[in-house]
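A short write-up of the structure that comes next.
Derivation of every value follows stated rules applied to the coordinates shown; laboratory data play no part. Predicted model only: the values in this text are computed from it and were never measured. Cβ: placed from backbone, ideal geometry, glycine included. Neighbour counts: every protein chain shown.
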Amino acid sequence: MHDPFHQTEKFAWFVDHWGARPSFDCLIAFDTGQPAGFAYGATAALGRETWREHLSPTPTPGTTFALSELMVRPKWRGTGLAQQLHNTLLAPPGPSS
C-alpha cells in the first residue's frame, strides 16, 4: 500500500515547516563521520497544544517545545542514541545559548 505521508516530499515539507519557526532546533548525531540519527522541533504553535487542558497548572502559552521528528538509523538502534538525542534537544538552554 502506498502511503503519501511517507514520501521524500512530505518529509521536506515538514522540515521546511518546522525550520521556518524562530525557535527551530535540530541535532544530528554522527559516528565516525556517518550520520547515525537526528531530532528536531520548535516551540509549539499557539492553539495546537491539544494536551494543554490535561495539565494543571498549564504551561505558559508559547513556551512548550514540541519534538517533531526523531530518527535513528538501524545500525544505531538499541544503543540509547534516541534517548540521548531526545534529552539533549529538550534540555534547557545552557549559559552560552
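Points to keep in mind about this one:
- The simple spin-label model puts a point 7 Å past each Cα toward its Cβ; for Phe30 and Glu9 those points are separated by 3.2 nm.
- Karplus-derived 3J(HN,Hα), 6.51/-1.76/1.60, for each residue of the stretch 69-79, Hz, glycine and proline x: 9, 9, 9, 10, 5, x, 4, 9, 6, x, 9
- Backbone amide hydrogens, once placed in the peptide plane, bring Arg73 within less than 5 Å of Gly37, excluding anything fewer than 5 places away on its chain.
- Magnitude of the charge dipole for the chain, about its Cα centre and with charges confined to Cβ atoms of Lys, Arg (+1) and Asp, Glu (-1), is about 160 debye.
- Hull volume per residue, based on the alpha-carbon atoms of the stretch 24-90 and their convex hull, is 99 Å³.
- Approximating the spin labels as points 7 Å out from Cα along Cα→Cβ, the Ala20-to-Ala66 distance works out to 1.4 nm.
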